[in-house]
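Below you'll find the structure, written out as structure tokens, and then a few comments.
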Amino acid sequence: AITTFLLTTQHNCNCNNCNNFSFNSTQLNSTQLNFSLNNSNHQSTMKILSAALSATLFAVSTTAFSSPLLRTTSPSFIRASSSSLSASDDTTTTSTTTTEGGDDYDYDLVVIGGGSGGVRASRIAAGHGAKTVLLEGQFKHGVPPFYSAIGGTCVNVGCVPKKLMVFAGRYPADIAEAKGYGWEGATPGKFDWKQFMEYKDTEITRLNNVYQKFVLGPAGVEILEGTGQLNGNHAVDVALSNGETKTLTAKNILVAVGGWPFKPDIPGVEHSITSNEIFYLKEQPKRMVVVGGGFIALEFASIMDGLGTDVTLMYRGDLFLRGFDDDMRSHLQEEMDRNSDIDIQLQTTPQEIIKNDDGTLTVVTTDGASIDCDAVLMATGRKGKTDTLNLESAGVDMDGSFIPVDEYSKTNVDNIYAVGDVTDRMALTPVALMEGHRLADTLFGGMDRPVDHKMIASTVFTNPEIGTVGYTEEEAAAKYKDIDVYKSRFRAMKHSFPQSETYSLFKIIVDQATDKVVGVHIATDGAGEMIQGVAIAVKMGATKADFDNTIGIHPTSAEELVTMRTPSYHYKDGVKVVEDDK
């Protein structure tokens, strides 16, 4: 369908008969619209902010594509006083917005933090017609103390650069198997840390620009380079990067500042780095101690080992990746012991970090052992980045450094919201995107969209990768009581042919009462790519019979998911029953 908009506009043109223009769009998209301007005497191009037409677009789209999942609670959001658009100079004139109660505010929504949740919420809000401004501490990544820029942790010092390092670190293992496929003399060569970092920085800068120029800009979001702190319920004091200060008033405030690495309070901890600084080290450490047992610690241990650094992993617990399925945890430890050079030290806690005269470091543990290294990476958890927000001025409740919210991401204060890692719900980028999107739809799109944290897939980018969705075996047994567990451990064709001792583990957990698959866990090459498709089925409520009725793709490792017919064991009333006891 072609949606036609008729505008009367003033423009710099000498012709006498082109005051009216017909804008034809073959793509209904409330966030970015491309229009062609045609007239019998001339052709021109002009930029139209999508926010100027978003109310009309939303009314059309919700009528044409209405869904019972998006229950309308109120008419689409329309500001009483909006910004005026000048077609000739493409500038926006600032005005206030008036609420139903008559209160005037500078903005409908002020977003503090330009990470995944903040960017998504601001873009969608502006698309619904809300006058929106987003605050981000700096526009250039890699600069202390923030390190991040537009895009937040994920784009700047998280998912994206980490995944690039994951790719880089896997080449030596791939090349090591080349001889088994007939390639003689293949060697991994020498890794150039400085060159990689230059390439990485260029890519991250490109993504920063994409967010500013092609995501937020066209949506009509105003972006300010500066930090914000609350000044009561409806005001935000902004410290701009140029040294100026200003106060913005807003009907709604969204806190989306994310998390920040936590370091334990031990002597010499100031000599350690975190997942912020590692992306900007000038030289590759020859020896590194990684402290922690979560996915960040495990991923960086795997990355640095792959790049040729001698890695020692210290974790205070019995086994890393607490909260993941126990079989996956044990399998990963076995694979790391067999196929990596990582020195895994469990039940080990650093007590002190000593900086030596030559610039090297010595880590002293609580049992008196010492390890010399060139860098210590603390991956010992994250906290909410809320210490400078002055949340107490608005009476916002806190849980430590995090902000508790309800299913609509609302704090205890009616007009103040929070999404993403700062809420300590589920610290994953796609989750923050979902939370920000649903909040904007609820506030400004006339929809009722609470968050949904059920059956969310995730991946640990170790070697092998771990992909997971749904309940662990332990959680499923506690919740459903009677479950069947299917497991398969095997060597994938890629590794069996060159006779590498690299194994995969696949696991399916089924609720006996409904036959629904309530958990899938896989440890294999490309587990992240694989589990995303599986997550769709699990989210939709697929049964084990559905899995069994699906034809496998041969030869692949993934076909194992649809060929496991007999349970390895089951649980009765929450108690594991071995095969011999059936």
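A compact table of results
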| quantity | calculated |
| --- | --- |
| A375 being open to solvent by less than 60 Å² (accessible area, probe 1.4 Å), more than 27 Å from F279 (Cβ to Cβ) and not polar (S, T, N, Q) | no |
| Search result, residues across the stretch 486-524 that are of a type in the set (S, T, N, Q) and either surrounded by fewer than 16 Cβ atoms within 10 Å (Cβ to Cβ) or part of a loop (DSSP other than H, G, I, E, B) (or both) | S496, Q499, S500, T502, Q512, T514 |
| Matching entry among G384, G420 (being open to solvent by less than 50 Å² (accessible area, probe 1.4 Å), at positive phi and in contact (Cβ under 8 Å) with a residue 60 or more places away in the chain) | G420 |
| Residue count for the stretch 267-280, restricted to those that are touching a helix residue (DSSP H, G or I) at 6+ places or on another chain (Cβ under 8 Å) and not polar (S, T, N, Q) | 3 |
| Residues of the stretch 528-565 satisfying the condition of being closer than 15 Å to S488 by Cα and open to solvent by 100 Å² or more (accessible area, probe 1.4 Å) | R565 |
| Output for the stretch 254-280, where each listed residue is loosely packed, with under 15 Cβ neighbours inside 10 Å and among the acidic types (D, E) | D265, E270 |
| Subset of the stretch 316-366 (residues that are touching a residue at least 60 places away in the same chain (Cβ under 8 Å), buried (at least 16 other Cβ atoms within 10 Å of the Cβ) and among the hydrophobic types (A, V, I, L, M, F, W, C)) | L321, F324, M328, L332, M336, I353, L361, V363 |
| Single condition T388 does not satisfy, out of (1) farther than 23 Å from I296 by Cβ; (2) within 25 Å of the chain's Cα centre (by Cα); (3) not in a loop (DSSP other than H, G, I, E, B) | (3) |
| One residue from E203, E184 being under 22 Å from the mean Cα position of the chain (by Cα) and either surrounded by fewer than 16 Cβ atoms within 10 Å (Cβ to Cβ) or farther than 16 Å from E136 by Cα (or both) | E203 |
| Residue count, the stretch 293-315 (criterion: farther than 14 Å from D343 by Cβ, open to solvent by 30 Å² or more (accessible area, probe 1.4 Å) and either out of contact with any Pro (no Cβ under 9 Å at 6 or more places or on another chain) or not in a loop (DSSP other than H, G, I, E, B) (or both)) | 3 |
| Residues satisfying the stated conditions in the stretch 424-469, i.e. open to solvent by less than 50 Å² (accessible area, probe 1.4 Å), polar (S, T, N, Q) and over 21 Å from T386 (Cα atoms) | T442, S458, T459, T462, T468 |
| Hits in the stretch 178-216 (condition: of a type in the set (A, V, I, L, M) and out of contact with any helix residue (DSSP H, G or I) (no Cβ under 8 Å at 6 or more places or on another chain)) | A178, V210 |
| Residue among K251, K286 that alone is open to solvent by 70 Å² or more (accessible area, probe 1.4 Å), under 18 Å from D106 (Cβ atoms) and in contact (Cβ under 8 Å) with a residue 60 or more places away in the chain | K251 |
| Close pairs (9 angstrom Cβ cut-off, 6 or more residues apart or separate chains): over 25 Å from T249 (Cβ atoms) and in contact (Cβ under 8 Å) with a residue 40 or more places away in the chain in the stretch 130-155, aromatic (F, W, Y) and open to solvent by less than 10 Å² (accessible area, probe 1.4 Å) anywhere | H141/F279; G142/F279; Y147/F279 |
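The values are calculated or read from the model by the stated rules, or taken from the named source; none is laboratory data. A quick note: this is a predicted structure, and the numbers were derived from the prediction, not measured. Glycine gets a Cβ as well: all are built from the backbone with ideal geometry, and neighbour counts include every protein chain shown. Ligands, DNA and RNA are excluded from the accessible area calculation, which covers all protein heavy atoms including side chains. Shrake-Rupley method; radii C 1.70, N 1.55, O 1.52, S 1.80 Å.
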